[in-house]
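Here is the structure we will look at, set down as structure tokens.
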Amino acid sequence: MQSYWEGLKRGENNMPFWDDVKLPSLPNLFDRLMLVDAFEKPQRFRLNTVGAQIRKRHGGDLAGKFVDEIGPTTPFEFLTAQASATIEAKAPTFFAGPAGTAGNPHPGYGRLLLPMWGDGRIAMLLGAITDPA
């Protein structure tokens, strides 16, 4: 996914524009992808598009919901912090989610967030949730 993101960059830009992303271009990852709208003042993040595997893992559709409305459940632990760090760094970030416990079993996961430019700022993040290797 990061190679796809790199290939979308125009000229000397350090990140692609959000409207260049075409999720069907990533058929092997499509069900594990998400697009996250980024708002500035106040800084908030809204799930725009959520792939089928992510919805299944969470237990429902989340498109249109703000991250702070869904709570820190798998696979969204520390998503607000990671999204903020991605915007501040203006670069990709990765989060390794731990496996659950006996009382709350779930496999660990990885989450990659990639910033995308739009409207004169980072307006969207392209994300992917991966299963443990």
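Just so it is clear, none of the values below were taken in a lab; they were calculated from the coordinates. Note that this is a predicted model, so its numbers are computed, not measured. For neighbour counting, all protein chains shown are included, and Cβ atoms are generated from backbone atoms with ideal geometry for every residue, glycine included.
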Under 5 Å between amide H atoms, partner at least 5 residues away or on a different chain: which partners does F17 have, H built in plane at 1.01 Å? R10, W117
Compute the label zone of S3 within region 57-94: residues whose backbone N is under 12 Å from the point 7 Å along Cα-to-Cβ. none
Per 0.36 nm of contour for each residue apart, how much would the distance between R121 and A63 grow if the chain were fully extended, relative to their Cα-Cα spacing? 18.7 nm
Matching label for the computed mean projected area of the Cα convex hull in nm², out of [x] 8.2; [y] 13.0; [z] 7.5, is [x]
Check the straight Cα-Cα distances from K22 and name the aspartates and glutamates below 17 Å, setting aside those fewer than 8 residues away within the same chain. E6, D31, D37
Charge dipole of the chain built from unit charges on the beta carbon (Lys, Arg +1; Asp, Glu -1), centred at mean Cα; most positive-end Cα among G51, I122, W18 is G51
When the charge dipole of the chain is computed with +1 on Lys and Arg Cβ and -1 on Asp and Glu Cβ about the Cα centre, the Cα farthest towards its positive end, among G60, Q82, G7, belongs to G60
Reachable lysines from K41, criterion Cα separation under 24 angstrom, eight or more residues apart if same chain: K65, K90
Nearest-5 percent of antiparallel DSSP beta bridges in the chain? 95
Explain nothing, just compute: Karplus ³J(HN,Hα) = 6.51 cos²θ - 1.76 cosθ + 1.60, θ = phi - 60°, for every residue of region 87-94 in order, whole Hz, x for Gly and Pro. 5, 4, 6, 6, 7, x, 9, 10
Helix-derived [θ] at 222 nm for the chain: sum -39500 (n - 2.57) over DSSP H runs of at least 4, divide by residue count, nearest 500? -5500 deg cm²/dmol
